[in-house]
Each structure stands twice: as structure tokens, then as C-alpha cells.
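The values are calculated or read from the model by the stated rules, or taken from the named source; none is laboratory data. Since we're looking at a predicted model, the values are computed, not measured. As a convention, Cβ positions derive from the backbone with ideal geometry for all residues, glycine included, and neighbour counts pool all protein chains shown.
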Amino acid sequence: MTRQAFMARLREGLRGLPPQAVADIVADYEAHFTEGEAAGRSEADVAEALGNPDRLARELKAEAQLTRWREERSPSSAAGAVFAVLGLGAIDILILLPILMAVAGTLFGLFIAVIACFFAGGLLFAAAPFVDPPGGTVAGVLAGIGLMAGATSFGAILTLVSIGLMNALVWYGRLHYRLLKPALEPQA
């Protein structure tokens, strides 16, 4: 994404904020691009590092509304803060929640499949000496051990993937908490 495209989308997303606040925010992000250029980075690299300008604008608007509410403590500033945070959360509910549910369902299904394969391998291992499987008893025992080992390995990989996804979810939640924390803390 080019500098102009990023800044245009950021300005569009900041519509509704006071003009001075928009000018300050835009100047701050222009400085990011200038510093990146001075460091030899391309506009696309800087834009990618800054993130999605639409999402960034929603976060900045929510933060501005929360700051306004902390300063004014009026019904209109409270309503603005609530609607700004709800607007930020709407993306989470409409886009991220279905994706998260699909990923969680898939992981759950895979974990169930891993457990089933492990027990099938254990059953094959235990029954092989008594039922004369194709290839003989040794082949049945080895096939059972192989199924259990494969299920254990795949389960370990699924566990690592699940931990990584959970860490990403916690990171994402902390971003929202960082935004809301000043509004949630009692004022001294």
C-alpha cells in the first residue's frame, strides 16, 4: 500500500473527530512514513508495519472518545465512548468470531480424531496376538504401535498449534484491554 492510499484510508476512518485531532494523528503517521523512508524502508513496508488503516482509525476513534469521556464525564461523551468501542467490537463479532469458532471446531475435531486413532492403535496392539491379523501377529503389533505413535505425534503438533493460537488470542485481547484500561480504572 502506498503512503497516499494509507493516509487517505486513515483520514476517511477518522471522519467525525475534531479537525485538530485528525491533523495531529495524520501528522504523527506521516512522521512514521518519513522516518521509514530515511531508514531505507519502502512505503509498502512502513504501511504493513503500521497495520490496517481502517482498524487503526477505529482504535484511534475509540481511544479519543474514551479520553473525551474521562475528561468531561458527560452523557454525550459517555455515549460517544460506548458507540466507539461497540464499533471497534463489531469487527470482532462479525468477522473474527466466526473464524475463531471454525478454527476451534476444527481443532476440537482433530483432537477427537487423534484420541480415536490412539485408542484404535491400542486396541490393534492388544488384540493382534489373539486374532491373527493380515501379515501376522508381529505386523499387527507394529501397526498398533505405529498408530499410537502417529496419534501421539499429531496430538503434540495440534497442542503446539493450539498454544500458538491461544497466545495470539491473548495478544489480541491485550490490545483491546490496553485501549479500555484507562476508562475502567477508578479515578483518584
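Please determine whether any residue of the stretch 66-76 is assigned to a loop (DSSP other than H, G, I, E, B) and at pLDDT below 80.
Yes, some residue in the stretch 66-76 is assigned to a loop (DSSP other than H, G, I, E, B) and at pLDDT below 80.
Among all residues of the stretch 86-101, there is at least one that is among the hydrophobic types (A, V, I, L, M, F, W, C), surrounded by 13 or more Cβ atoms within 10 Å (Cβ to Cβ) and at pLDDT 75 or above.
Within the stretch 8-58, being of a type outside the set (K, R), assigned to a helix (DSSP H, G or I), within 27 Å of I95 (Cα to Cα) and in contact (Cβ under 8 Å) with a residue 40 or more places away in the chain holds for L10, E12, G13, A44, V46, A47, E48, L50, P53, D54, L56, A57. Check whether at least one residue in the stretch 125-140 is modelled with pLDDT of 90 or more, surrounded by 12 or more Cβ atoms within 10 Å (Cβ to Cβ), among the aromatic types (F, W, Y) and part of a helix (DSSP H, G or I), and report yes or no. For the stretch 125-140, residues modelled with pLDDT of 90 or more, surrounded by 12 or more Cβ atoms within 10 Å (Cβ to Cβ), among the aromatic types (F, W, Y) and part of a helix (DSSP H, G or I): present.
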